[in-house]
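Any read-out appearing in this document is the output of simple, stated calculations on the displayed coordinates, not a laboratory observation. All values derive from a computational prediction rather than experimental measurement. Backbone-built Cβ (ideal geometry, glycine too); neighbour counts: all protein chains shown.
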């Protein structure tokens, strides 16, 4: 089974797109699947939109309050029942069609396949200050970790469930994706990047608090540096 995990916080405008944009792609795989929407304490109509979806493979998991992306990702991993876990953005900034390609690569013997807009063949359809900050953070991860991976902090990935469920994850913020990848690499996981195009969200606003995200990344980078020294 394939488990698609979608962390969502105030994404009412995007959740309703699941039936028309994500479900057809998953049906084309001709495999059992589930879509786990982790509603992270939304105060808009995200929950109502999720409950109104026609896809019967959707499962809704609610956080009673906003606990941030890291906790939503960890809840999704815990709730998943598939042997493959797909992490997907609620804002649909990556086309769902990429999921098929990432899963295909995973089955060639990898433990994690990343959809990377920073790959030399990837593309970003727009730029803002958050993109430049993200590029800088990812570059620092590359240097300290010593791995030629361009998207250390990207959410859009597929994992072998048995690999990711073994990890002791502690992060609650947006740096959860870097923590996952770092710990997978420590366990000698095989990782591959696939180029994708990052597009601009159609509905809602980004939930990233830039100052908080920077502080969290710096803490994780410092921990990683200590690990490398030891």
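Of the peptides 71-81, 24-34, how do they stack up when ordered by the mean number of other Cβ atoms within 10 Å, highest first?
Descending packing order for the listed peptides: 71-81, 24-34.
What shape does segment 1-71 take by its C-alpha gyration tensor, where a ≥ b ≥ c are the square roots of the eigenvalues and a/c under 1.5 counts as rounded, a/b above b/c as prolate, and the rest as oblate?
Judged from the Cα gyration tensor, segment 1-71 comes out prolate (a/c at least 1.5, a/b above b/c).
What is the gain in length, in nm to one decimal, between residue 83 and residue 21 on full extension, counting 0.36 nm per residue of separation less the C-alpha to C-alpha distance?
20.0 nm
Expressed in nm to one decimal, what extension gain is obtained for the pair residue 192 and residue 104 from 0.36 nm per residue of sequence separation less their Cα-Cα distance?
Between residue 192 and residue 104, full extension yields 30.5 nm more.
With a point put 7 Å past each Cα toward its Cβ, work out how far residue 202 is from residue 59 in nm, to one decimal.
The modelled label-to-label distance comes out at 2.8 nm.
Apply 1/(1 + (r/R0)^6) to the Cβ-Cβ distance of residue 32 and residue 140, taking R0 = 45 Å, and write down the FRET efficiency to the nearest 0.05.
0.70
Let's test the formula: R0 of 25 Å, r as the Cβ-Cβ distance of residue 66 and residue 1. What FRET efficiency results, to the nearest 0.05?
The computed FRET efficiency comes out at 0.30.
What FRET efficiency would be calculated for the residue pair residue 95, residue 172, taking the C-beta separation as r and a Förster radius of 35 Å, to the nearest 0.05?
The computed FRET efficiency comes out at 0.75.
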